[in-house]
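Accompanying notes for the structure given below.
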Amino acid sequence: MTQVFTVLGGLALFIYGIQLMGQGLQKTAGDRMRKILGALTISPFTGTLVGAFVTAIIQSSSATTVMVVGFVNAGLMTLKQAVGVIFGANIGTTITAQLIAFKLTKYALPIVTIGFVMNFVGKRDFIKYLGQFFIGFGILFLGLQIMTSVTKPLAHNESIKRMFIIYSHNRFLGVIIGFAITALIQSSSATVGLVQTLAGVGLIDLRGAIPLILGDNIGTCVTALIASIGGNISAKRAAVAHIMFNIIGTLIVITALPLYMMFIQKTSDDPMRLVANAHSIFNIMNTLIFLPFAGIYAGLIQRIIPGKERVVEIGPKFLDKGSLRVPPAAINQVMRELVRMLRLTKEMVDDAMRAFFNDNLRDLDLIPQQEEATDLLQRDITEYLTELSQRPLSESESKKIPLLIHSVNDIERIGDLAENLMELAQKKINQKLPFSPQAMEEIRIEYEEVTRMIEDVLEALEKDDISAAHKALSREDKINELTERFQQSHVKRLEEGICIVKSGLIFLDILHNFEKIGDHLTNIAGAIVRGM
């Protein structure tokens, strides 16, 4: 029993070391990993290189996959590009096994000491985080040393040797065991490290190690697969692309296992290095097979999981720095961005109210991304207009600039109010607050009036239609009148005991947010009338 706990304790230290290494490097790199992923994945090939690099740094293929899903959702990366990053993530995660094969166990404690001094004494964050990496690196080898100290004597136990010999003749059992261990401990690097330890003490040969490694590669996909069950289409597609990549590769290798073994055996004489090479070469080979067909593979995944994903596009689409030399063209591009931005805030309001009426929290999923998108658009459009204002402009163009800046701010405030509506919908759903049919109908009536006002302002912006702007302005009085009337009827319902106070507070807040949205739409419509 003591031996079991010693192995488990060593494994725990090993996993903890991997986590510390990843966290240290991730903090050292800061947000640059995310920026690298977003900027350089222009093709499946570059995506593979970036995926391998980023995963080698953060020591987690699952974390890389999560980032990729975020980029696909934001419209910054296609599934074809994402597939390349997933291929690369599988290669990057093999770096730990290669490090383990250097057998630095006797240097474990000195490495921990160096890391501790850097982390404890270092003044700069970079030194502290690098120290954290070295602490993790040392703890990893310390865990490996503990596991080896227990497993080495077992190599002389005839019963245990016989058990491993029987197992090694069943390649499919090996795949299942490798899959199960990785799915259980949630770390493919830990499974490979365990296999390297067994190989290093002679308990397992290459024939028995390879199926375990193959199963490990499938097992590492389980986390993302489970997480994607409640996720959107992009999350499901990324998870399925990852697991199918490994299953297909495993089937190829398992059917040609003798040939694969012969090839791996030529790469080294060291059992631990052979396991590391089997792991790395499998993923490199698999990537080389899949990479030329990345587009076809992405299309296959889309057929397996059909459907259209709503994408929140981050950043401006129409702002062109070159157009700043031609102010009328630049102003036209800003107007197109205003239309995009207002459509985005309308979607936010619609999503929040759909969740409110249907008691469905899933309708709120995109609002945080949409809010981020509106904030970034406000910043980018304002910077663009500020730069434009410093160019030679006609009198009418000069008058448009402040009107446009104020309108951008008004649209951003509508986004904030939509976020308020989201929070009110969450409160209603989470607390299961009842609303009377009359209250729901009144909210619906005012929401429809606000929607019509947004549509009028959109038409005015898109078509430079002054009459649509006047139509929008005429709706403000209607919204104010509805707010006042519904507030009075709400008080009456409270007095009659039809509504409860908690629900009533949400009711009043929704009306208040509708009224404020109307105020900001009035500002935009007024700017259009004044010649924006």
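Here are a few things to note about the model shown:
- Scanning the stretch 482-528 for residues that are small (Gly, Ala, Ser) and touching a His at 6+ places or on another chain (Cβ under 9 Å), we see that the one that is modelled with the highest pLDDT is 525.
- Residue count for the stretch 488-512, restricted to those that are within 13 Å of residue 434 (Cβ to Cβ) and of a type in the set (Ser, Thr, Tyr): 1
- Of the residues 432, 427, the single one that is within 33 Å of the chain's Cα centre (by Cα), in the same structural domain as residue 505 (by TED's automatic domain parsing) and either surrounded by 21 or more Cβ atoms within 10 Å (Cβ to Cβ) or in a loop (DSSP other than H, G, I, E, B) (or both) is 432.
- Counting only residues that are in a helix (DSSP H, G or I) and surrounded by 14 or more Cβ atoms within 10 Å (Cβ to Cβ), the stretch 490-507 holds 7 of them.
- All conditions but one from (1) farther than 30 Å from residue 214 by Cα; (2) surrounded by 14 or more Cβ atoms within 10 Å (Cβ to Cβ) apply to residue 301; the one that does not is (1).
- Each residue in the stretch 351-407 was checked for being outside any helix (DSSP H, G or I) and either at positive phi or among the basic types (Lys, Arg) (or both), and 2 pass.
- Looking only at the stretch 340-358, residues that are more than 25 Å from the chain's Cα centre (by Cα), buried (at least 18 other Cβ atoms within 10 Å of the Cβ) and of a type outside the set (Phe, Trp, Tyr) come to 2 in all.
- All of (1) in the same structural domain as residue 435 (by TED's automatic domain parsing); (2) surrounded by fewer than 16 Cβ atoms within 10 Å (Cβ to Cβ) hold for residue 315 with one exception: (1).
- If you go through the stretch 54-90 and keep only what is over 17 Å from residue 224 (Cβ atoms) and either outside any helix (DSSP H, G or I) or modelled with pLDDT of 75 or more (or both), you end up with 56, 74, 75, 76, 78, 80, 81.
- Taken as a whole, the condition of being within 26 Å of the chain's Cα centre (by Cα) and at pLDDT below 70 applies to residue 227.
- Residue in the stretch 408-427 that is touching a residue at least 60 places away in the same chain (Cβ under 8 Å) and farther than 25 Å from residue 351 by Cα present: no
- Verdict on residue 524 being among the β-branched types (Val, Ile, Thr) and in a helix (DSSP H, G or I): yes
- Applying a threshold of 7 Å to beta carbon distances and a minimum spacing of six or more residues, or different chains, the list of pairs starting in the stretch 168-188 at a residue that is surrounded by fewer than 24 Cβ atoms within 10 Å (Cβ to Cβ) and ending at one that is not in a helix (DSSP H, G or I) reads 168/204; 168/205.
- Test result for residue 389, in the same structural domain as residue 331 (by TED's automatic domain parsing), at pLDDT below 90 and closer than 22 Å to residue 315 by Cβ: yes
- In the set 255, 267, 250, only one residue is outside the structural domain of residue 435 (by TED's automatic domain parsing), surrounded by fewer than 16 Cβ atoms within 10 Å (Cβ to Cβ), under 30 Å from residue 53 (Cα atoms) and of a type in the set (S, T, N, Q); that residue is 267.
The values are calculated or read from the model by the stated rules, or taken from the named source; none is laboratory data. This structure is a prediction, so every number in the text was calculated from the model and none was measured. Note that each Cβ is placed from the backbone with ideal geometry, even for glycine, and that neighbours are counted across all protein chains shown.
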